[in-house]
Amino acid sequence: MHQTVKTYKDYLKLAGQIDQTLPRTPLSVAVFHSCTLEPIEPVARVELAENGFAAAIRFFGYNIFEQELLNPAGTYQENAYDVVLFFATLQEFFPELIHDFHAVSLLELEQKTQEVVRRIEQLFIAARRTSQSRIILTTFDFPGRWFYGILDSQREHSQKQALARLNGSIAALASRHKEVYLLDVQDVASRVGKKRFYDWNMYYHSSLPFSSEGLAEIGKEIARVVFAAYGWQHNFPSFWR
């Protein structure tokens, strides 16, 4: 069945027109993020509503993962959430892979990769202390050009390979835990095309790296992963028709 492609402006309008009288499964979502991500809310709420969920989405402060999750007095502990999304970026979690790659040894990269994976695991384990939330982890995307440009893939010590090892480690981490799911940011970016997915003017002004088209695709992908996490309890989702 053909679906009309919605723009980000369409989602902003539709978010205010969600019929609250229709029966839907309540869904509480906590979002921890290392970039500005709040603008994806109308997209995620509309897509989830169209597929049987009444989503209440709470965004915790920018880059305050440990402050909220490892602090017994943090406001996160006040509620039990059905879904917890960790949207991590290389800029905050692994800046060496972007900015200092030429000066970092293979051993240092491996050590840092293991450190990032341990950090993410520690965070979502902490998130489950108060409830058995379904966890969504993002993989990492490289937002710009490779340090060695088109020669990167010809190098034994390449950024592309380092990123693949990092994302492979995140996928392996998810596979070791029940009810942990991956949102593949690289895959989402490839659908849109990186030049259209990112908006660096917005990033420099407000730490929001994504274009309106990128935001729409991320919001839809969140809904897809939530649907997959809950199994086939609802009608076949509109975003897969």
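The values are calculated or read from the model by the stated rules, or taken from the named source; none is laboratory data. A quick note: this is a predicted structure, and the numbers were derived from the prediction, not measured. We place every Cβ from the backbone using ideal geometry, glycine too, and count neighbours over all the protein chains shown. Each accessible area value is taken on the protein alone, full model and side chains, heavy atoms only, with ligands, DNA and RNA left out. Shrake-Rupley method; radii C 1.70, N 1.55, O 1.52, S 1.80 Å.
Just name the residue that is farthest from Ser131 (Cα to Cα) out of those in region 45-96 that are of a type in the set (Ser, Thr, Tyr) and open to solvent by 10 Å² or more (accessible area, probe 1.4 Å).
Among those residues, the one meeting the criterion is Thr89.
Within region 97-133, restricting attention to residues that are polar (S, T, N, Q), part of a loop (DSSP other than H, G, I, E, B) and surrounded by fewer than 16 Cβ atoms within 10 Å (Cβ to Cβ), which residue is farthest from the chain's Cα centre (by Cα)? Before you say what the answer is, go through the steps one by one.
Step one: list which residues in region 97-133 are polar (S, T, N, Q), which gives 105, 111, 113-114, 122, 130-133.
Filter again for part of a loop (DSSP other than H, G, I, E, B), leaving 105, 130-133.
Subset that is surrounded by fewer than 16 Cβ atoms within 10 Å (Cβ to Cβ): 105, 130-132.
Numbers: Ser105: 28, Thr130: 22, Ser131: 20, Gln132: 19 Å.
Restricting to residues being polar (S, T, N, Q), part of a loop (DSSP other than H, G, I, E, B) and surrounded by fewer than 16 Cβ atoms within 10 Å (Cβ to Cβ), the top hit is Ser105.
State which residue pairs qualify: first residue over 15 Å from His102 (Cβ atoms) and open to solvent by less than 30 Å² (accessible area, probe 1.4 Å) and inside region 145-171, second residue at pLDDT 85 or above and among the basic types (Lys, Arg) in any location, beta carbons under 9 Å apart, and separation of 6 or more residues or different chains.
Pairs found: Leu166/Lys112.
In region 186-213, how many are over 24 Å from Arg134 (Cβ atoms) and open to solvent by less than 30 Å² (accessible area, probe 1.4 Å)?
Count: 7.
Out of the residues in region 175-229 meeting the condition of being under 16 Å from Leu90 (Cα atoms), in a helix (DSSP H, G or I) and at pLDDT below 90, tell me which one is farthest from the chain's Cα centre (by Cα).
Tyr204
When region 1-41 is examined, which residues are found to be surrounded by 15 or more Cβ atoms within 10 Å (Cβ to Cβ), small (Gly, Ala, Ser) and over 22 Å from Leu69 (Cα atoms)?
Ala15
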